[in-house]
Amino acid sequence: MNAILVAVTTTFDKYDVEYSLDELANLALAAEIKPVFKIAQKLNSPNAKTYVGKGKLTEIAIAITAYKADIVIFNDELTPSQLRNTATELNINCIDRSYLILQIFEKRAATKQANLEIKLAKNLYLLPRIAFLREQESRSGGATGALSSKGAGETQAELDRRHLMAEINHLRKELKNMQAMKEQQILKRQKNAIPIVALVGYTNAGKSSTMNTILNYIAKEDKAVYVKDQLFATLATYNRQINYDKKEFILVDTIGFVSKLPHNLINSFQQTLAEIKNADYIIHVVDSSSKYINEQLNVVLDVLKALNANQIPSLFLLNKWDKTIDNNMHILGYESLTFSNKTQLHVPELLDTILTHIGPSTIRTKLLIPYSLGKLSHILETIAYIYQKEYQNYGTYYDVEIPIKDYAKFQKYDLDNLIN
Ligand SMILES: Nc1nc2c(ncn2[C@@H]2O[C@H](COP(=O)(O)OP(=O)(O)OP(=O)(O)O)[C@@H](O)[C@H]2O)c(=O)[nH]1
Ligand SMILES: [Mg+2]
């Protein structure tokens, strides 16, 4: 399918139009649509009826013929009437950026929760647009893939609407049940006080690869997550427990971001994104080789803000350093680390940085304390949770959990160290 991409830029726009249209082109490719031409128009605000101005519509019509386009994709979320008016004027299928993103998410969702969340977001998007999409569907014979059955007309639209409403209620109920379960898990983890470290970043920046690099480094490669050179390869949250240097934390890999994510999507994905809000430390993975590094950084910071996660201590991980040309790059005023999954640059340094930032936690350890050190045994028993205590030939054996900050006092008597 060939597409003409159309953007309106205003003076209020945060990102330049070249970046925004490039991103839209990548989104189209991710949905297996080929962008063949880009058109941009500068306006004070998008036209209320047709998004672009009247003259621009003629230009789009000419481009449609010239490039044999099948579809027009607009760079913002359009109102139902803007979509209908442009589709009628141009006599071609029209979709907007939100719809495109929803389609990609729907195709990629791999877990039950992601499936429910994306269905909810899509139904909320469809609700005011259902009649229009129905018309569009009959124009294209189902090419936009929005709806399951065919038919046209007002009554059909009314039936569709009722069906959507029922489904929305049902999805909300199911998600609520899942949330209750998840909250219990989070509570349990808080009780165990295992710190949470979340990988966040622009889509395709290398979050999942970084997760796998760490798993590989601590010899847990069997727990690897899915990595692919495509937008939104990851559409759920994956937690992995990491034990390193006597500390443990939970590493979380989740969805990547793009600019102008549909607001329905962010609302519906609250549960998937909840792990980020609960994180003790955030690793913001950046594709340092991208020419749009600044824009992508800001997109991610904006979403973190929307999630109320912008106060969590974080590290900028300048990933893909192996193919970064600007070797002097740094992020002013923030902690950052150059990194590469490809060359394994700074893997131990990343782990050390994480460990120094996650709050005090406990470790479980096995100690053998000589009988001559009665005082040390006494200290241990006042601070430790004791799983097992046994009087042996050379001293008292303890299987205990102690605060990490006290570990140094006992390190000498750690059975692991004694054996090594
Ligand atoms: N050259 C190079 N490529 C990398 C590096 N890290 C990741 N990649 C590649 O970047 C692409 C995306 O990697 P992922 O780990 O799937 O990225 P992600 O951030 O999880 O992406 P989404 O889940 O889609 O948001 C893959 O093709 C990786 O092989 C790196 O350090 N150097
Ligand atoms: Mg991923």
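Rounded to whole Å, give me the distance from the Cα center of the range 1-67 to that of the range 375-418.
Measuring centre to centre over Cα atoms gives 67 Å.
Of Lys246/Lys409; Lys34/Lys228; Lys207/Lys323; Lys112/Lys247; Lys107/Lys228, which sit over 23 Å apart, Cα to Cα?
Distance filter (> 23 Å) returns Lys112/Lys247.
Quick one: the Cα spread of the range 362-419 along its three principal axes, in angstroms, biggest first?
Reported extents, whole Å, longest axis first: 28, 24, 19.
Per residue of the chain, what 222 nm ellipticity follows from adding -39500 (n - 2.57) for every DSSP H run with n ≥ 4, rounded to the nearest 500?
Helix-only estimate at 222 nm: -13500 deg cm²/dmol.
Once you list every other residue whose beta carbon is under 12 Å from the beta carbon of Lys14, what net charge do they have if Lys and Arg are +1 and Asp and Glu are -1?
Charge balance in the 12 Å sphere: -3.
Output the antiparallel fraction of DSSP beta bridges having both residues in the range 218-357, as a percent to the nearest 5.
Rounded to the nearest five, the antiparallel share is 45 percent.
Could you tell me what a quarter of the Cα convex hull surface of the chain works out to, in nm² with one decimal place?
For the chain, the mean projected area of the Cα convex hull comes to 24.6 nm².
So for Ile214, Ile383, fewest C-beta neighbours within 10 Å to most, what's the order?
Fewest to most other Cβ atoms nearby, the residues stand as Ile383, Ile214.
How high is the relative contact order of the chain, given as a whole-number percent (alpha carbon pairs under 8 Å, six or more residues apart)?
12 percent
Give me the number: length gained by fully extending Glu59 to Met165, i.e. 0.36 nm times residue separation minus the C-alpha to C-alpha distance, one decimal in nm.
In short, 34.3 nm is gained.
How far is helix 112-126 tilted off the main Cα axis of the chain, in degrees rounded to 10, range 0 to 90?
30 degrees
Roughly how compact is the range 53-118, stated as its Cα Rg over 2.2 N^0.38 Å to two decimals?
Dividing the Cα Rg of the range 53-118 by 2.2 N^0.38 Å gives 1.37.
Could you work out the equivalent-ellipsoid semi-axes for the range 1-102, taking the square root of 5 times each eigenvalue of the Cα gyration tensor, largest first, in whole Å?
In descending order, the three semi-axes are 18, 17, 13 Å.
Considering only DSSP beta bridges whose two residues both sit in the chain, what percent are antiparallel, to the nearest 5?
DSSP beta bridges in the chain are roughly 40 percent antiparallel.
Roughly how many debye, to the nearest 20, is the charge dipole of the chain about its Cα centre, given +1 on each Lys and Arg Cβ, -1 on each Asp and Glu Cβ, and no other charges?
I would put it at about 720 debye.
Among all stretches of the chain without exposed trypsin sites (Lys or Arg not before Pro) (DSSP loop, at most 15 other Cβ atoms within 10 Å), which one is longest?
Answer from the scan: 69-149.
What angle do you read, to the nearest 10 degrees and between 0 and 90, between the alpha-carbon axis of helix 374-383 and the longest principal axis of the chain?
With both axes taken from Cα atoms, the answer is about 30 degrees.
Give the Debye-formula value of log10 I(q)/I(0) at each listed q (0.08 Å⁻¹), with one equal scatterer per alpha carbon of the range 193-357, two decimals each.
-0.20
Say R0 is 60 Å: what FRET efficiency, to the nearest 0.05, do Ala66 and Asn278 get from their beta-carbon distance?
0.70
With respect to the cross-link table entries Lys182/Lys320; Lys56/Lys119; Lys366/Lys405, which display a Cα-Cα separation exceeding 27 Å?
Lys182/Lys320; Lys56/Lys119
Counting only DSSP beta bridges with both residues in the range 1-102, what percent are antiparallel, rounded to the nearest 5?
So the antiparallel bridges amount to about 5 percent of the total.
State the answer as a single residue: which of Cys94, Leu27, Thr58 lies farthest towards the positive end of the charge dipole of the range 1-102, with beta carbon charges of +1 for Lys and Arg and -1 for Asp and Glu, about the Cα centre.
Result: Thr58, furthest along the dipole toward the positive end.
Could you list the chymotrypsin sites (Phe, Trp or Tyr not before Pro) in the range 20-77 that lie in coil according to DSSP, counting only those with at most 15 other Cβ atoms within 10 Å of their Cβ?
Tyr67
No lab work stands behind these numbers, since they all come straight from the coordinates. Remember, predicted model here, so these are calculated numbers, not experimental data. So basically every Cβ, Gly included, is an ideal-geometry build from the backbone, and we count neighbours across all protein chains shown.
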